[in-house]
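A quick write-up on the structure given underneath.
The values are calculated or read from the model by the stated rules, or taken from the named source; none is laboratory data. Remember, predicted model here, so these are calculated numbers, not experimental data. For neighbour counting, all protein chains shown are included, and Cβ atoms are generated from backbone atoms with ideal geometry for every residue, glycine included. Side chains are part of the model used for accessible areas, which takes the heavy atoms of the whole protein and leaves out ligands, DNA and RNA. Shrake-Rupley method; radii C 1.70, N 1.55, O 1.52, S 1.80 Å.
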Amino acid sequence: MNDATVLRWFLAVAEIGAFGRAARDLSISRHRLSAAIRDLEAEVGERVFVTDESGTHLTPAGEALSAHARAVVAADDERRRAEPAPAPVPALRIGFVPGVTVTKWTRIWVDRFPGTPLTVEVIEEPDQLTALREGRVDMCFVREPADRDGLHTVPLYAEVAVVVVPKDHPVAAYDAVTLADLDDESMQDRGDDVAVTLEMVAAGVGPVVLPHSLARLHARKDLVYRPVTDAPPTQVFLAWTVESGEDDTDPRQEFLGIVRGRSEHSSRAAAERRTGATPAARATRRKAAAPARKTPPRPISRRKRAR
């Protein structure tokens, strides 16, 4: 009868006078609370609560138990206060350039690793590598990084190139165009500020070729965009700095696994956090748990099928 958790629950029922409300206050199910009290009564050898029309009350045995319960809970509180506070878990900081959508992956992370915080930050494209090298983010979704020294870069997907033109421009009449179709146009460079560039497009200065995601992000009613079928696509990478001491339990490796579509059951660091097993022990368990190979059935002969 020295389980501090169960005795806390016992005291909560005694103070509130109802199992349902006590369970809600304790954030546990009523079934779990009732089962714990039944086990406690089995230890005591008598009922500790009685319920009537006015609510739930302590029996004489429950009254006798309450003093012991308060002493055990007070000692547990004192022990917890004396224990050093656990060190906070550092957040995994993810950056992404405008146009990249990270919501799907961050949702999976929160579901799979609730104990490891995740923060996301928009990084403007000219700052994408600086943010990594200065340590503002741990990983970043980047576009076509030119200088990859000291970086891990994993290609993820290619973005289709589109040309953005005013709504009444001749290009708007086509479903797609080629670079040759744009030879007579006064093309603009994308520049660092896409919104400003598109304002210039709307003003008639000239079209601009952008990755599709950026054109969609900055969509305007007075502009349209069309695929440029022979323009080189833009690659999106996931990048992070090369550091010593990296291993499979690095949170960055886990995030990379999520982005690549690795299932929860193959998430190595998650398994380690749940079981505390070493990589070697996990490998041994996987071999032991692997189902035996089944002998494939013999093909049915043509003669037998004919029957």
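Classify region 121-240 as rounded, prolate or oblate from the Cα gyration tensor: take a ≥ b ≥ c as the square roots of its eigenvalues, call it rounded if a/c is under 1.5, otherwise prolate when a/b beats b/c and oblate if not. Prolate.
Which shape class applies to region 191-234: rounded if a/c is under 1.5, otherwise prolate when a/b exceeds b/c and oblate if not, where a ≥ b ≥ c are the square roots of the Cα gyration tensor eigenvalues? Taking the square roots of the gyration eigenvalues as a ≥ b ≥ c, region 191-234 is prolate. Dipole size of region 104-239 about its Cα centre, with +1 on Lys/Arg Cβ and -1 on Asp/Glu Cβ: approximately 700 debye, rounded to the nearest 20. Net charge near Pro232, counting Lys/Arg +1 and Asp/Glu -1 over other residues with Cβ under 11 Å of its Cβ? Here the count lands on -3.
Please report, as a whole percent, how much of the solvent-accessible surface of region 179-256 comes from carbon and sulfur atoms (probe radius 1.4 Å). In region 179-256, the share of accessible area belonging to carbon and sulfur is 49 percent.
Summing +1 for each Lys or Arg and -1 for each Asp or Glu among the other residues whose beta-carbon sits under 12 angstrom from that of His57 gives -3. On region 117-158, 47 percent of the accessible area sits on carbon and sulfur atoms, based on a 1.4 Å probe.
Solvent-accessible surface of region 88-186, taken per residue with a 1.4 Å probe and all protein chains present: 54 Å².
Placing dummy labels 7 Å off each Cα toward the beta-carbon, the span from Ala82 to Arg32 is 2.8 nm. Each label was represented as a point 7 Å from its Cα along the Cα-to-Cβ direction; for Ala67 and Glu125 these points are 7.7 nm apart. Take region 1-45 with all the other protein chains still there, run a 1.4 Å probe, and you get 56 Å² of accessible area per residue.
Residues in region 188-235 average 54 Å² of solvent-accessible surface per residue, probe 1.4 Å, ligands and nucleic acids excluded.
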